[in-house]
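See structure below.
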Amino acid sequence: MNDLQTLRAALVPGEPAQDVVDRSRHRLQNRMLGAPRRRLRPLAIGTGLAAVAAAAAVVVATLPATPAPAPSPQAVAPVDTGRQILLAAATVAERTHVGTGKYWHTTTKVGNEAWEYWTTTDGQEWYRTARTGGKAVLASRPRPIRLTGAEVTLSQILALPTDPKALREWLAKGLAHNKYPAKERDMAVLDSLVMLVSTVPSPPAVRAAAFRAIADYPGVHALGTVPGGEGVELPGGGRLVVDPETGKVDGSSVFRKADGTPATNSDGDTYAVSAEWTDDLPK
């Protein structure tokens with residue numbers, strides 16, 4: 001017996017008989033040869049996802065390409081042409097020379113009657129009516145130019161702000177200073193702006209600012225072409241007739257009733273106003 005055999009005899013107290021070893025080896029061989037082979041499978045959830053993915057790939061491959069949906073057009077708020085008319089008039093007014101002179105001459109007519117005024121920059125005024133016998137008469141005291149709820153001098157008119165927002169604020173501040181009712185100030189400012197583009201000797205930049213300020217009011221709408229230019233409806237029922245080519249306001253549209261219709265005298269005659277600079281007084 002060699003050393004290994006001696007060690008084995010010491011560690012294994014009783015070695016099984018040879019016939020026992022032979023029978024055990026034979027049973028193991030039979031089991032290995034007769035057992036059915038098994039395949040390793042992925043987890044069930046993995047199998048399901050793989051099947052779904054494969055099916056989806058087949059469907060995508062067989063369907064025709066679907067075009068991408070066209071982007072929906074962005075909604076654009078319509079622009080009222082009334083605002084455009086006023087802005088166009090502002091552009092023309094800004095570069096139109098209104099002339100100069102010693103007197104600002106205004107004429108108001110209705111039926112067979114007429115009133116004329118000649119005003120200097122320091123407020124001196126002459127007037128002529130049917131009662132003055134055709135002569136211009138010096139007023140007893142200087143008369144400021146009236147805007148709605150406020151009196152200003154011609155010098156103040158010439159120095160008015162030329163920014164639309166600043167012009168509105170200047171007018172509103174004057175109304176507040178004169179205790180004009182707060183709830184009526186916004187419309188009073190609008191009335192003053194109308195005067196600045198029609199009857200008041202506003203310099204070009206001020207007239208342009210007034211047109212733009214009027215255009216910013218909500219409720220400004222075009223009324224279409226009318227005698228004298230393009231009609232523009234204003235908030236509160238007023239109306240302006242503007243010639244976009246000259247930037248001038250038709251004087252017959254300045255005097256309006258609350259419903260927007262032309263103001264008339266008791267005989268139904270409408271009013272008209274015109275204004276210009278001049279160096280001459282009537283003799």
(request) At 37 °C and 0.692 mPa s, grab the translational diffusion coefficient of segment 85-226 from Stokes-Einstein with a Kirkwood Rh over Cα pairs, rounded to a whole number in µm² per second. (result) 200
(request) Just flag the chymotrypsin sites (Phe, Trp or Tyr not before Pro) in segment 198-277 sitting in loop per DSSP whose Cβ has no more than 16 other Cβ atoms within 10 Å. (result) none
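Taking the Cβ of Gly111 as the centre, find all other residues whose Cβ is under 9 Å away and add up their charges (Lys, Arg: +1; Asp, Glu: -1).
Overall, the nearby charge balance is -2.
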(request) Give the long-range amide H neighbours of Gly111: residues separated by 5 or more places, or on another chain, with amide H under 5 Å away, using H modelled in the peptide plane at 1.01 Å from N. (result) Thr270
(request) Run a plain Debye calculation on segment 137-194 (Cα atoms as equal point scatterers, no solvent) and give log10 I(q)/I(0) at q = 0.22, 0.27 Å⁻¹, rounded to two decimals, same order as the q list. (result) -0.85, -1.16
(request) Starting from 0 in steps of 5 Å, tell me what percent of the Cα-Cα pairs of segment 95-136 lands in each bin. (result) 6, 19, 25, 21, 15, 10, 4, 1
(message) Can you tell me how segment 199-283 classifies by the Cα gyration tensor, rounded, prolate or oblate, using a/c under 1.5 as the rounded cut?
(response) oblate
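Read the figures in this text as sums done on the coordinates, not as results from a lab. Bear in mind that the values here come from a model prediction, so they are computed numbers and not experimental data. When we count neighbours, we look across all protein chains shown, and the Cβ atoms used for this are built from the backbone with ideal geometry, even at glycine.
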